[in-house]
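> The structure that follows is given in the form of C-alpha cells.
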Amino acid sequence: MAELNCDVAIIGAGTAGLAAERSARRAGARTLLVDDGYNGTTCATVGCMPSKLLIAAAHAAHAVRQAGLFGIEVPEPVIDGRAVMARVREMRDKFVDGTLESIANLPEGVAVAGRARFASSTELTLADGRRITAKAIVVATGARPKIPEVFAALGDRALTNETIFDLPDLPASIAVIGAGPLGLELAQALARLGVVTLVFDEGDKFAGLDDPEVASELIAILEKEMPIHLGVKIEADLTDEGVELSWSGKTSGKRHFAYVLVATGRPPQLADLELAATGLELDDHGTPLCDPATLQCGDSAIFMAGDADARRPVLHEASSEGAIAGRNAASFPTVHPTERAVAFSIMFTDPPLAVIGAGRTDDHVIGNASYADQGRAKVDARNVGCARIYADKSDGRLVGAIIAAPGGDHMGHLLAWAIGRGETATTLLDLPFYHPTVEEGLKPALLEICKIVHAPMSPDRDDGIPPGA
Ligand SMILES: Cc1cc2nc3c(=O)[nH]c(=O)nc-3n(C[C@H](O)[C@H](O)[C@H](O)COP(=O)(O)OP(=O)(O)OC[C@H]3O[C@@H](n4cnc5c(N)ncnc54)[C@H](O)[C@@H]3O)c2cc1C
C-alpha cells in the first residue's frame, strides 16, 4: 500500500483543519489534509449557517406578528414551511459551495480522502490501508451529536443538527431535548415559525449559564414563546406518526410530537482515532490534554484544534486554534505560545445571549443593567433582559460579562474587545455612547462598578441620563 510523507498531516477538513493546513503551509511545511467526506465544514453544512438561516426566517415571522404594536395591522403570517426550508437549503448550499471552492483550490496532492487513525504519534493509517508519516500531526476532527439511547431507538424521528435542515417541511410539533445554546436557538426559531415546540432538559442549567440570576431572567423571557421543562427525566416511544414523550421530575406530563430534536451535546469525534497508539495523556472524557497556548499535547508531535479539543466549540476559536496549531506543528519541536483572545460566545436567540471572559469569582465586582426600562429597547418594543459586567475589585478592570438583552450579540463584541484591551469601567465610560442606543444601557452597569471600586471620575464626564436612555 502507498506510503505518503509530509511535514504536517492534518486530520479533518473543517474550519480548524483548513486553517491549520493554511498556517502550516504558510510556515513552509509540506502538508497533507485528510478528511473522509470533504463535505464543506460543519459550520456551513449543518451548523452556524443553516441555523442562522432558520433563525432569520423566524425573525421575519416575529416582526410581522409584532407590527400591531407600532400601529401597523397585518394578519397572522402564513408560514409556508416548504418555502422556509427550501430557502434554508438553497442559501446553505451556496455557503457550502464557497467552502468547497477553497478545498478545490488547495495545492495539488494536499487533499487526501480517507478516514484516518493513529498508528503511532507520527504515523496515520487510512481506511484503505495507505499510511501517512508526518513530523507532526494536527487533530481537527470536530464534534458530532451525542444521541442518548432513549432517543437513538426513535430512528429518523430523532433529529439532530445533522438532519433537521434536510426536512422538506417544517414539522407540526417538536420536542427539543437539551436547553443549551444549540437547542434553544433552534427551539425559539421553530416556535416562531409556528411549530409547537417544547424544550426539555434533564439538568437545571440553562443556556450553559453559570449565573443563576441571568438564567432565570432568560428563562422567563423565552418561556413566553415555548414551554421549558428543566430537571426532568424523559421517556420516549415511537408511534405511527411520531413520538410519545413522557417526562417526570420538576414537572411531569405526556405529549405526542412529530419529532424530537436531540441537542444534548456534541462531544469531540475522537473515538475511532486509536489515540491509544499515541501514548497521549487523556482527560476523563478521553480527550487529549493540550496546552491552550500552543495546542501541543504534552511534548508530543500532536496538536489539537477546533471542536476536537472541546475547549471552546465556536467557529472563531476553531479558526484561530487551527492557525496556532498549524504554525506550531510546522515548527515542531520548537513551539511558540500565543496569548489567547478572551473567551466569547453568542446564542442567537431573541434576545441574544453573549457570554464573555471569565466567570465571576470573589475577586470580582458586578455591575448590573436592566433592559426592561431602557430607552432604545422600549422604542423598538424589545425592552427585556439584562447585562452583568464583571470587573476586578481592585481597579475596575473589566474581566467578563453576560448580556441577555437586545443587541447583545453586537454589545458582546464591544465588551469582548474592551476586555481584551484591558479597559476599566472608567476608561469605557470616557468613550462616546451614541443616543439613543442599546449600548447606552450598559452605562448603569459600568457606573455601578466605578462606584463599588471607588474609581476616580473624570472631571469632564457627565453621568446624567438623557431622556429615554
Ligand atoms: C447547529 C450549530 C450551530 C452553530 N452555530 C454557531 C454559531 O452561530 N457561531 C459559532 O461560532 N459557532 C457555531 N457552531 C459551532 C461551529 O460550527 C463549530 O465550532 C465549528 O464548525 C467547528 O469546526 P471544526 O473544524 O472543529 O470541526 P468540523 O467542521 O466538524 O470538521 C471536522 C472534520 O473532520 C473530519 N473527520 C473527523 N474524524 C476524521 C477522521 N478520523 N479521519 C478523517 N476525517 C475526519 C469530519 O468529517 C469533518 O469534516 C454551531 C454548531 C452547530 C452544530
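The values are calculated or read from the model by the stated rules, or taken from the named source; none is laboratory data. As the structure is a computational prediction, the values presented were derived from the model and not from experiment. Cβ: placed from backbone, ideal geometry, glycine included. Neighbour counts: every protein chain shown.
> Pairs please, first residue from segment 44-65 and under 13 Å from GLY14 (Cβ atoms), second anywhere and β-branched (Val, Ile, Thr) and within 15 Å of the ligand (Cβ to nearest atom), Cβ atoms under 6 Å, 6+ apart in sequence or on different chains.
ALA44/VAL96; ALA44/THR99; THR45/VAL96
> Does LEU398 meet the test of being among the aliphatic types (A, V, I, L, M), more than 16 Å from the ligand (Cβ to nearest atom) and not in a loop (DSSP other than H, G, I, E, B)? First the steps, then the outcome.
Numbers: among the aliphatic types (A, V, I, L, M): yes; more than 16 Å from the ligand (Cβ to nearest atom): yes; not in a loop (DSSP other than H, G, I, E, B): yes.
Against the criterion (among the aliphatic types (A, V, I, L, M), more than 16 Å from the ligand (Cβ to nearest atom) and not in a loop (DSSP other than H, G, I, E, B)), LEU398 qualifies.
> Can you pull out every residue in segment 125-142 that is within 23 Å of SER319 (Cβ to Cβ) and more than 29 Å from the chain's Cα centre (by Cα)? Please lay out each step first, then the result.
Just the residues of segment 125-142 that are within 23 Å of SER319 (Cβ to Cβ), to begin with: 134, 136-142.
Correct list: ALA134 only.
> On to the next question. Return the pairs, sorted by first residue and then second, in which the second residue is surrounded by 11 or more Cβ atoms within 10 Å (Cβ to Cβ) and not in a loop (DSSP other than H, G, I, E, B), the first residue lies in segment 66-84 and is touching a residue at least 60 places away in the same chain (Cβ under 8 Å), the beta carbons are less than 8 Å apart, and the residues are 6+ apart or on different chains.
Within 8 Å, the pairs are ILE79/ALA61; VAL84/LEU54; VAL84/ALA57.
> Further, regarding this structure: Kindly evaluate GLU235 against the criterion of being away from the ligand (no atom under 16 Å from the Cβ), more than 29 Å from GLU317 (Cβ to Cβ) and in a loop (DSSP other than H, G, I, E, B).
Values: away from the ligand (no atom under 16 Å from the Cβ): yes; more than 29 Å from GLU317 (Cβ to Cβ): yes; in a loop (DSSP other than H, G, I, E, B): no.
It is false that GLU235 is away from the ligand (no atom under 16 Å from the Cβ), more than 29 Å from GLU317 (Cβ to Cβ) and in a loop (DSSP other than H, G, I, E, B).
> Got a sec? Which of LEU106, LEU124, LEU100, LEU69 is within 15 Å of the ligand (Cβ to nearest atom), at pLDDT 95 or above and assigned to a helix (DSSP H, G or I)?
Details: LEU106 fails: assigned to a helix (DSSP H, G or I); LEU124 fails: assigned to a helix (DSSP H, G or I); LEU69 fails: within 15 Å of the ligand (Cβ to nearest atom).
LEU100 is the lone residue from the list that is within 15 Å of the ligand (Cβ to nearest atom), at pLDDT 95 or above and assigned to a helix (DSSP H, G or I).
> With the condition kept exactly as written, say whether any residue in segment 274-287 is within 16 Å of the ligand (Cβ to nearest atom) and within 15 Å of ILE10 (Cβ to Cβ).
For segment 274-287, residues within 16 Å of the ligand (Cβ to nearest atom) and within 15 Å of ILE10 (Cβ to Cβ): absent.
> To continue, here is another question. Return the only residue of ARG157, ARG192 being in contact (Cβ under 8 Å) with a residue 24 or more places away in the chain, away from the ligand (no atom under 13 Å from the Cβ) and closer than 28 Å to LEU209 by Cβ.
Values: ARG157 fails: closer than 28 Å to LEU209 by Cβ.
None of the others qualify; the one that does is ARG192.
> Same structure, new question: Name the residue that is nearest to the ligand (Cβ to nearest atom), counting only residues in segment 301-328 that are assigned to a loop (DSSP other than H, G, I, E, B) and out of contact with any helix residue (DSSP H, G or I) (no Cβ under 7 Å at 6 or more places or on another chain).
To start, the set of residues in segment 301-328 that are assigned to a loop (DSSP other than H, G, I, E, B) comprises 301, 305, 310-314.
In the following step, the residues that additionally are out of contact with any helix residue (DSSP H, G or I) (no Cβ under 7 Å at 6 or more places or on another chain) were identified as 301, 310-312, 314.
On the way: ALA301: 17, ALA310: 10, ARG311: 11, ARG312: 8, VAL314: 4 Å.
Per the criteria, the residue is VAL314.
> Next up: In segment 18-63, what count of residues is obtained for those that are closer than 20 Å to PHE332 by Cα, of a type in the set (Gly, Ala, Ser) and either under 23 Å from the mean Cα position of the chain (by Cα) or near the ligand (Cβ under 7 Å from one of its atoms) (or both)? Before you say what the answer is, go through the steps one by one.
Our first condition is that a residue be closer than 20 Å to PHE332 by Cα; within segment 18-63, this holds for 18-34.
The next check asks that each one be of a type in the set (Gly, Ala, Ser); those that pass are 19-20, 23-24, 27-29.
This time we only want the ones that are either under 23 Å from the mean Cα position of the chain (by Cα) or near the ligand (Cβ under 7 Å from one of its atoms) (or both), so: 19-20.
Adding up the residues that qualify gives 2.
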